[in-house]
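The values are calculated or read from the model by the stated rules, or taken from the named source; none is laboratory data. Fair warning: this is a prediction, and the values are worked out from it, not measured in the lab. Positions of Cβ are backbone-derived with ideal geometry, glycine not excepted, and every protein chain shown enters the neighbour counts. For the accessible areas, the whole protein counts, side chains as well, though only heavy atoms, and no ligand, DNA or RNA atoms are used. Shrake-Rupley method; radii C 1.70, N 1.55, O 1.52, S 1.80 Å.
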Amino acid sequence: MEKEIIGKMKIDCPVCGGKNTAISITQTHEVAYFGEVIESLVQCDKCGFRHSDVMSVEQKDPAKHSLHITKDSLSSRVVRSQTSTVSLPEIGIKVEPGPKSEGYVSNVEGVLVRFKAATERALKMFTDPESQKNGKYVLENIQKILDGELETLLLIEDPFGQSKIMDIKAKSEPLTKEELKNLKTGFVVIDEDDE
């Protein structure tokens, strides 16, 4: 299925407030081995603000997906929902969802590039020696993974089951109740069993 635009309009920018300076596009398309997704994009021509998101149309069970990253798996497709936690646990980096989280469709290399950019931004903000040391360690290891010199685990934990790693060697399994309780979602979740 090709991308089908289901909505496109000029809107006021939510950041700079420019009148009709942003465009909002919503479209659907099929992702192989995953299903139909809805992509939304808001982009402002005036200030450069950009926000995108990807959501699965299908309801799925909470799941965690893992892949041992090698040089050969850098091109494997990754669908990350806005509510999932993505980590390289052996390297010590984790991105948890928050109010500004975005979903995306990328590949393993793209996920690593996102981690690299986030670590570089953090290094500029945190100037204490310990943070600098940890940040440089993470950056060096991400680069080694990108260069095929280091192998590590990629883990995606999704309480709403909207994410996926599409590689024949990827593992998918249900999240336990304990794992679900410890995950951040970016939303408030009410558990009826806790009432």
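Working note: Cα atoms of region 80-152, range along each principal axis, descending, whole Å: 33, 30, 17.
For region 59-138, run through the GluC sites (Glu not before Pro) and keep only the ones in DSSP coil with at most 16 other Cβ atoms within 10 Å of their Cβ.
Glu90, Glu102
Accessible surface of Glu179, taken over heavy atoms with a 1.4 Å probe and every protein chain present, rounds to 50 Å². Here the chain is scanned for trypsin sites (Lys or Arg not before Pro) in DSSP loops (not H, G, I, E, B) that have at most 16 other Cβ atoms within 10 Å, and the longest stretch holding none of them is 101-168.
Roll a 1.4 angstrom probe over the protein heavy atoms and tell me the percent of accessible area of the chain that is carbon or sulfur.
Values: 6060 of 11820 Å².
Percent of accessible area from carbon and sulfur atoms in the chain: 51.
Express in % the proportion of alpha carbon pairs of region 33-166 at distances exceeding 19 Å. When every Cα pair of region 33-166 is considered, 53 percent fall beyond 19 Å. Over region 4-104, Cα pairs under 8 Å with separation of 6+ residues give a relative contact order of 18 percent. Figure note: His51, His68 ranked by solvent-accessible area, largest first, 1.4 Å probe, ligands and nucleic acids not counted: His68, His51.
Take every pair of alpha-carbon atoms less than 8 Å apart whose residues are at least six positions apart; their mean separation over the length of region 50-195 yields a relative contact order of 44 percent.
Quick one: net charge of Gln59's neighbours, Cβ under 15 Å, K/R +1, D/E -1?
Net local charge, Gln59 excluded: -2.
Find, among the chymotrypsin sites (Phe, Trp or Tyr not before Pro) in region 1-95, those assigned to loop by DSSP (not H, G, I, E, B) with at most 12 other beta-carbon atoms within 10 angstrom. Before the final figure, lay out the partial values.
Values: sites: Tyr33, Phe34, Phe49; in loops: Tyr33, Phe34, Phe49.
Qualifying residues, ordered by number: Tyr33.
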